[in-house]
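The values are calculated or read from the model by the stated rules, or taken from the named source; none is laboratory data. Computed from a predicted structure; not experimentally measured. Every residue, glycine among them, receives a Cβ derived from its backbone with ideal geometry; neighbour counts consider all protein chains shown.
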Amino acid sequence: MSKVPESRAAAATSFASLRGQLHEAADRFADGPEALEGILLGMVDDVDRAVGEPLEIFPVCHHSPASALAMARRLREKQPKVVYLELCEDMAPLLTELRNCRLPVAVQAFASEIDGFPAEWAPLSVVAPITEASAEYQAIAYALDTPGVELVLVDRSCDHVFQWDARHEQAGESTGDDTAGPGTGPVEAALHGEAVGVEIGDLRPRFAELEEHLLRHGKVRHWSEWWHQYVEIPLGDSDHDTYRQVMFLIGSLFRRLAPGDGERVRVDEDRERYMWTRMREHLTTTGTDPADCLYVCGAFHAASRVEEFGVHGADSFTISPRTDTRWQYGLIPSSHAAIEAQFGLASGSVSIAATQWAKNLKRTRVKPYRLQGQAGTKKERPTKAAARAAVAPAAAEDQLSGFLSRPPVLDTLDEAELLGWSVDITRAARRNGYLASTADAIAVFETSILLAGMRDRAKPTPYDFQDAAITCIEKDTVPGRRDVHRLVEIMMGGDRIGQVGYDALPPLARDVHDRLAPLELNLQQRGVRRALLDMASHPELRACSDVLWMLRRLMPAGAARPIMGERRLGERSIQESWDLSLGTHQRALIELGYEGVSLEQVLEQRLRRAAYGPQATTADVLAAIEDATLHLAGRRLPDELGTRALEVLAAERTVDGAPEVLRRVRGLLAYYRTHEPVLPLWIESFVKAGYAHYCTLLPMAFTDEDATARQVAAMLGFLFSMESLALSLGCDRTQLELAVAQSHPQDPAKTALLWAAQVQLGTLSREQLRSRCDELLANPLVVPSYPHYLSGFVHALEPVPGLADMVVEAVSNAFGRLPDAVLLPWLPVLITTLRSDAAELAPLLVREAGRIFPARLAALDAWVPPWRQRPAEAPAVRATDGVSLLSAHPATCDALAELLGCTDGWAPADTQPRGVSLLPAHPATCDVLAELLGCDAPWAPAARTPGTATLMARHPATAQALAALLTGP
Amino acid sequence: MSDLLRAPAEIKYAEELDWLESIDDDPKPFSWRLSPKMVRLFILGSERADGLDREVSQKWFGDRSFVERSIVTLASDRGLLLIGDPGTGKSWLAELLSAAICRNSTLVVQGTAGTTEDHIKYSWNVSMVIAKGQSRESMIPSPIMTAMEAGVIGRFEELTRSTSDVQDALISILSEKYISVPELQSDGDGDNIVFAKPGFSVIATANSRDRGVNDLSSALKRRFNFVRIPVVTNKKSEAEIVRFRTEELLRRHQIELEVPPTLLDVLLQSFADLRASAAAAGSDDEKLESALSTAEQIGVLEDAVLHSNFFGESTLTARNLAASLVGSLARREPEDLAILNKYLHGVVEPRGKEEGGSWPEFLEGGREAIAKLS
């Protein structure tokens, strides 16, 4: 410990000459020495301080192969016992799983149930992508695979990322540059979804003017290109001290020239305080010598000036507790394109970094660290932990003066490599439909060199080559899927997409893969796999089919797509074929794993969430019931959700969802009737409640302007089609009749609907309906709204399907009777009204019309519509018509009697009025009537005699007079 | 210089070019007058960090890499085809490039439906042919042939407006770099062939809106490097362009009038608003007929400046600007006027109340102009 002041003193002296030079420079370039000198000398102070720190700080930059190379070298040389890494501390347990994955992958922290943050932030997601060509991977691989070495993550937890993130509070703004918008760019770029990215060593000027200046003078277009050109390549072969000092210097420069965003600076400083506090805690608890440790952090943080900086820093920072949010951790696949999109890097820059890394390794023969059994790499012999003595931090010598005054070592791209590229790009272009030839290869080669010359470079960089290739090969159109820009990117290493290995997957994802194993497909791989399921011959595939249907319900479109076969209530296919791309949608599957341990559990949770959500409508709940019935075995969940549907229905005051409710209830009823011994209780209650509910809402819906004819028709459909069930369960039809009687719609379509309902209920005859339609057509003032009436009638086909012929008649009448002057402007209205309002019912109408109209053109001339011929052809049928025939041809009846074995013979024709014979048979009736009328005369003898005889008996004088008349005098 | 309505770039910037040539010590390809880096400097302007004694103004506004790629193409074996939407400054870039490279930007063939092969190769002076027969004297070389003979850059404007067979006359010029004249007798001295001198190249421009009218043949395509010039969408660059071109116009008309920066902002903002509303419009009736290009903006400003100068109080006012905007953009009687009316009342009026500044006056001027027109 006592060495520290000495080393500081030594370091302080070693930078003296540089200070002197900078002081002079400040004098020369600025008006006064104050500001510029402050910055320039402050930078040297920062470097001095970081170099003098007893705990060795290793500054890195993200996706920098130079950093990775220096890290590998330093680790081999120093063999530290503890590695502190700037990465969210709660991600530590996952890092060992990296060996099961093909890089790049991202460590993800995910929270869907949040507590302590505003509800609208959910779900929270943080990703830290890791590539092989990065310094952090070197540190992780070394620490995890070397016995006796501890890896300590010291950065704030994912919870703190959001606690400290004030940007979220600015309403409606995104979380800043480092949030990749989902759906922007190609699929590969959206691999991280909406996650917030965290990364080690974000090093970029925060001073827009500075960046612009650097880009302009570097004659480059993008920051990544500038870095590659002016830092990456010169630093590639430098020694450890130079590397560190230069990185400290850059970190300090960007820090000192970062004005403005105070919020961001505050977060950065808090992170530094956090990290140093954690490191000191660790040092005190374990008693490790700081000289045996290595602290890997971004160069920006290495140049920190907070009080807590250093092993001897102040302990004044208290770490705030985490919220109660439940975080879950996992690995998700990442890709170079996703990293570039998330962190605003030039497209292709991470790929170029990967290529550069491979090239550096080959050139310098540095052996990189690699996790044992790392997927996607060749097997290696395990590295021996060489027990080398830790190198004590040597007194820092001034490497900066030399580095800054040397001209930059320019890219070592050789001619043979450039030639190879030119030939390759021409070939790739040709494969992609370009008319590229050898002449183009020559032109690309030549142009690259010319461009590099214009940009003051001795040799072309990959970016110059890209420009040259675009200039020479790209014409006015892109013939294929990829343009030259993209082809060069692919050629330079292309996008690499990581993959999370089976062992590193969450239980749900592993379970899915296990259950789909009978399909015998490699579903881990990216790309589309075709699965053929013949359940008739392989019944064991039914379980796979169940899983696939659930995946289709839960995963984004495209992850599992049925090509053949469908699953609906009560229907299962015996053969199915599927397009599966689970490998491509690995992130979605992994994120599903955060929600539960099996697909069934996740599905149940989601259905329950959908049904119990505050915005849930009856139709939503019924949809959830349908899904539960389809995908989950057992009646528990559907019954529970059914009860919920009843509650929601009772609380609903609009009829917006009526069509959907009708459709779903019908489907469910049909399913239960055919598949269950008795109807579930909930659906019986639902029909009862629905009948009463829609009866109550019907009069209002008829007058409400917001309720459409389709919705009212669906209500009527519910009422009419569920009527028998509802009445059997104790509902009363009077309720419906009253509801219809109370309805007084204004809207033509709804009026037509009401008429149809009245016809169905029997309060309006078809003749009356017909005459009403005729009146409408006869009234020129109403004719323009006739299509709306028709649309109402067409909707009425849903509740009253028997009215189809009337509707055809109504339409035909309109065509038959209206003059062309009215009809022609009216036709488009009719078509658009029918198409927009009643598209799904039109086929029914057409079918009915096909039945009524003659099928052949020739028959049309003689054809009379059935509604016209009805009065002529159908005279009133009298009951006696047949009877008279029988008496005229008694043989028919004789034959019949003989056949039946009747031998009684013919009774005499009964000419008397039939009621009369009843009276003598039942005299009591007449007695009572007589008594009632006050007649007390006795009964006359049975009227067997003709009526005149009775009269004679009553009036004997008449008879005598008649006799006298007949006998004569 | 003053007796030219519009001086070509090499005359207009002659003095600057001379100076650049005098300080240029980098290697120059072929017979170029300036090295590629100097050409870039001439076009894109200088900065303090270039360490030059005098400032070189920026003349073309756009991405640096387009200029670099264009220059490099001209230094190579291929022709340069600048392709882009109308009003993106293709021709201006072509003119600047020719002026900087060979001090001659006037060897131009204008492509039209009536362009024939003679316009590209050569034609004959008929009376001289009758008098003296066919000879080199009686031949009229095309601008392209002249460029070949002099080893300078020839330009072909609107290449895709001319028919395909005419375009294809360029193929042999670009690959063999000579034109043979079969009408002349060959007596072994190559008199019937016109060879191109080093430094010859062709800059063509093509309008990407014309695509499909006369598409280039594949053979011609591969003899050209395509550089696509995108539309300026950056407000800052657009302001630069408008300011630059307006100053030039004022100088040409010899008008001493200052364009206040606030009015320039008003103009840029109103065009940005109108573009946004055109982008959101559903049918053609809901958007202005004008394409609202940068060139159109310059036109509006020029109109307003001229009007203020000759009929006003020699100061540019927001009122004049609004009148000129309405006058230039209202082309269809009811539709365009309705859109402008909607714009004035829906956007300008609230902004005037909120921000004040020149907007209320702009609104007044616009109202008056619409009232006069309707």
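Give me the residue from region B:102-143 that is assigned to a helix (DSSP H, G or I) and of a type in the set (Asp, Glu) and, out of that set, surrounded by the most Cβ atoms within 10 Å (Cβ to Cβ). Ranking the qualifying residues of region B:102-143, first place goes to B:Glu117.
Can you pull out every residue in region A:322-362 that is touching a Lys or Arg at 6+ places or on another chain (Cβ under 8 Å) and polar (S, T, N, Q)? Correct list: A:Ser335, A:Ser351. Just name the residue that is nearest to the other protein chains (Cβ to nearest Cβ) out of those in region A:430-477 that are within 30 Å of B:Asp215 (Cα to Cα), outside any helix (DSSP H, G or I) and in contact with a Ser or Thr (Cβ under 6 Å, 6 or more places away or on another chain). Once the filter is applied, the top-ranked residue is A:Leu435. Within region A:303-322, being charged (D, E, K, R) and in contact with a Gly (Cβ under 7 Å, 6 or more places away or on another chain) holds for one residue alone: A:Glu307.
Please work out if A:Leu521 is crowded, with 20+ Cβ neighbours inside 10 Å and away from every other protein chain (no Cβ under 14 Å). Taking the combined requirement at face value, the residue does not satisfy it.
Scanning for something at pLDDT below 90 and under 30 Å from A:Leu418 (Cβ atoms), does region A:496-507 turn up at least one residue? So far as region A:496-507 goes, yes, one or more of its residues are at pLDDT below 90 and under 30 Å from A:Leu418 (Cβ atoms). Scanning region A:326-335 turns up no residue that is among the polar types (S, T, N, Q), surrounded by fewer than 22 Cβ atoms within 10 Å (Cβ to Cβ), at pLDDT below 85 and assigned to a loop (DSSP other than H, G, I, E, B). Report yes if A:Ala504 is within 30 Å of A:Leu331 (Cα to Cα), in contact with a strand residue (DSSP E or B) (Cβ under 6 Å, 6 or more places away or on another chain) and either within 14 Å of chain B (Cβ to nearest Cβ) or surrounded by 16 or more Cβ atoms within 10 Å (Cβ to Cβ) (or both), otherwise no. So A:Ala504 fits the description; yes. In the set (1) in contact with a Ser or Thr (Cβ under 9 Å, 6 or more places away or on another chain); (2) within 14 Å of chain A (Cβ to nearest Cβ); (3) not aromatic (Phe, Trp, Tyr), B:Ile179 fails one condition alone, (2).
The numbered conditions (1) over 30 Å from A:Thr284 (Cβ atoms); (2) surrounded by fewer than 20 Cβ atoms within 10 Å (Cβ to Cβ); (3) under 29 Å from the mean Cα position of the chain (by Cα) are all true for A:Leu94 except (1).
Residues that are aliphatic (A, V, I, L, M), surrounded by fewer than 22 Cβ atoms within 10 Å (Cβ to Cβ) and within 36 Å of the chain's Cα centre (by Cα) within region A:798-838 comprise A:Ile831, A:Leu834, listed in sequence order.
This table checks each residue for (1) surrounded by fewer than 17 Cβ atoms within 10 Å (Cβ to Cβ); (2) part of a helix (DSSP H, G or I); (3) not hydrophobic (A, V, I, L, M, F, W, C).
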site: A:Val296; (1), (2), (3): no, no, no
site: A:His301; (1), (2), (3): no, yes, yes
site: A:Val306; (1), (2), (3): no, no, no
site: A:Ser320; (1), (2), (3): yes, no, yes
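Residues of region A:860-900 that are at pLDDT below 80 and of a type in the set (Val, Ile, Thr): A:Val877, A:Thr880, A:Val883. Would you confirm, using the coordinates I've provided, whether A:Gly480 is over 15 Å from B:Ser65 (Cβ atoms), out of contact with any strand residue (DSSP E or B) (no Cβ under 6 Å at 6 or more places or on another chain), away from chain B (no Cβ under 11 Å) and outside any helix (DSSP H, G or I)? For A:Gly480, the condition - over 15 Å from B:Ser65 (Cβ atoms), out of contact with any strand residue (DSSP E or B) (no Cβ under 6 Å at 6 or more places or on another chain), away from chain B (no Cβ under 11 Å) and outside any helix (DSSP H, G or I) - is met.
The criterion of at least 3 residues that are free of Cβ contacts under 8 Å to residues at least 12 places away in the same chain and more than 13 Å from chain A (Cβ to nearest Cβ) is met by the following helices (runs of 4 or more DSSP H) wholly inside region B:9-100: B:14-23.
Summed over region A:97-118, the residues that are in a strand (DSSP E or B) and crowded, with 22+ Cβ neighbours inside 10 Å give a count of 7. Which condition number in (1) modelled with pLDDT of 90 or more; (2) out of contact with any Gly (no Cβ under 6 Å at 6 or more places or on another chain); (3) not charged (D, E, K, R) is the one that A:Ala650 fails? Of the numbered conditions (1) modelled with pLDDT of 90 or more; (2) out of contact with any Gly (no Cβ under 6 Å at 6 or more places or on another chain); (3) not charged (D, E, K, R), the odd one out for A:Ala650 is (1). Answer yes or no as to whether A:Gly730 is closer than 24 Å to A:Ala689 by Cα, loosely packed, with under 14 Cβ neighbours inside 10 Å and in contact with a helix residue (DSSP H, G or I) (Cβ under 8 Å, 6 or more places away or on another chain). Yes; evaluated as a whole, the condition is true for this residue. Filtering region A:532-569 to residues that are over 25 Å from A:Leu607 (Cβ atoms) and either of a type outside the set (A, V, I, L, M) or part of a strand (DSSP E or B) (or both) leaves A:Leu532, A:Asp534, A:Ser537, A:His538, A:Pro539, A:Glu540, A:Ile563, A:Met564. Being without any contact (Cβ under 8 Å) to a residue 12 or more places away in the chain, over 26 Å from A:Phe162 (Cβ atoms) and surrounded by fewer than 17 Cβ atoms within 10 Å (Cβ to Cβ), is that true of even one residue in region A:76-84? The answer is no; no qualifying residue exists. When region A:839-851 is limited to residues that are in a helix (DSSP H, G or I) and under 35 Å from the mean Cα position of the chain (by Cα), the one that is surrounded by the fewest Cβ atoms within 10 Å (Cβ to Cβ) turns out to be A:Pro843.
Within the group A:Ala645, A:Ala633, which residue is buried (at least 23 other Cβ atoms within 10 Å of the Cβ) and either assigned to a helix (DSSP H, G or I) or on the phi < 0 side of the Ramachandran plot (or both)?
Numbers: A:Ala633 fails: buried (at least 23 other Cβ atoms within 10 Å of the Cβ).
After ruling out the rest, the residue left standing is A:Ala645.
From the list B:Lys59, B:Lys28, which residue is closer than 22 Å to B:Asn234 by Cβ and either among the charged types (D, E, K, R) or in contact with a strand residue (DSSP E or B) (Cβ under 9 Å, 6 or more places away or on another chain) (or both)?
B:Lys59
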